[in-house]
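A.B. asks: So that we are looking at the same thing, I have put the structure below in structure tokens.
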């Protein structure tokens, strides 16, 4: 990482976004300027909460403590400087350099947070509060045996992604009265949109999560097909595991379809917001296709989409941003080979 002390808070936020997420560093600038600043800030706040969750040197009790304190920092009830100085020395080599940089410079991010209007701050605070508490609850019961059932997986996905969908929807509706006309329906779909992206990541990151001692797959789904998640190994592929994976891919497909419905409720003239959502949806679809084609993968790199695929997603999304008919047709073509959810 470069020396950043000379950067303004706004410039630092743009800079660190590129370090902690290439995807969001691409998508967030598509938003109108009044939105991109607050959405970028919201993403960084979520990334700080996520960094606390992922740090292996912190005990579950410490993670809960720091998560609670971080919520107070966002609310303006606790010093960002003091919090940063307390957390930073506890980060191990497992935490990315860019994430350490973000924790070290957290006061700059929080200064921006506190400059937004009351409605924007409320949306950001609500998201961080729910996310931080939810993730801490799940850390208490983290096990390689997996989550109990699908409802437990849904709850986890809500805490780490669904609530982000709600936050974005609030911000979009504050920004545009045209979008706000569909606020009730959008909020109903926002959680599903977030879950589509999170379930795709869970499936892609199965093996990396196991190396960290975590498994976010639901036992119930795999028990139904005769597979015990405790027997999961990268050295041996059991077709029963692939069958369970297919069931989860089918469930993820349903959420991806809801994500498309969400996007189509955004007026076509809000093309920047549509692009922001479409790029995320397109990359998730391509990733899920690769997982489905290679259910015996044993590391995330094998199903990660290429930079060429990312560029293609961006290009095609931009062509069809304002055409609902074309977007529906494209979605069908890209997802027709995916399994469907069975009731």
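The values are calculated or read from the model by the stated rules, or taken from the named source; none is laboratory data. Since the structure is predicted, the reported quantities are computational estimates derived from the model, not experimental observations. Cβ: placed from backbone, ideal geometry, glycine included. Neighbour counts: every protein chain shown.
A.B. asks: Tally time: how many residues in region 18-42 are surrounded by 15 or more Cβ atoms within 10 Å (Cβ to Cβ) and either within 14 Å of residue 112 (Cα to Cα) or in the same structural domain as residue 266 (by TED's automatic domain parsing) (or both)?
C.D. replies: So the answer is 8.
A.B. asks: How many residues, within region 207-225, are closer than 20 Å to residue 158 by Cβ and either without any contact (Cβ under 8 Å) to a residue 24 or more places away in the chain or more than 18 Å from the chain's Cα centre (by Cα) (or both)?
C.D. replies: Selection size over region 207-225: 5.
The rows are residues; the columns are (1) at pLDDT 95 or above; (2) under 30 Å from residue 226 (Cα atoms); (3) part of a helix (DSSP H, G or I).
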| site | (1), (2), (3) |
| --- | --- |
| 243 | yes, yes, yes |
| 250 | yes, yes, yes |
| 257 | yes, yes, yes |
| 261 | yes, no, yes |
| 268 | yes, no, no |
| 274 | yes, no, yes |
| 279 | no, no, yes |
| 285 | yes, yes, yes |
| 298 | no, yes, no |
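A.B. asks: Identify the residue in region 24-78 that is free of Cβ contacts under 8 Å to residues at least 12 places away in the same chain and not in a helix (DSSP H, G or I) and, among all such residues, is nearest to the chain's Cα centre (by Cα).
C.D. replies: For region 24-78, the residue satisfying everything is 59.
To keep it simple, each residue is scored yes or no on (1) modelled with pLDDT of 95 or more; (2) surrounded by fewer than 17 Cβ atoms within 10 Å (Cβ to Cβ).
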| position | (1), (2) |
| --- | --- |
| 96 | no, yes |
| 103 | yes, no |
| 112 | yes, no |
| 115 | yes, yes |
| 118 | yes, yes |
| 140 | no, yes |
| 143 | no, yes |
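A.B. asks: Is it the case that residue 151 is at pLDDT 95 or above, assigned by TED's automatic domain parsing to the domain that holds residue 275, more than 17 Å from the chain's Cα centre (by Cα) and surrounded by fewer than 15 Cβ atoms within 10 Å (Cβ to Cβ)? Break it down stepwise before answering.
C.D. replies: Numbers: at pLDDT 95 or above: yes; assigned by TED's automatic domain parsing to the domain that holds residue 275: yes; more than 17 Å from the chain's Cα centre (by Cα): yes; surrounded by fewer than 15 Cβ atoms within 10 Å (Cβ to Cβ): yes.
So residue 151 passes the test.
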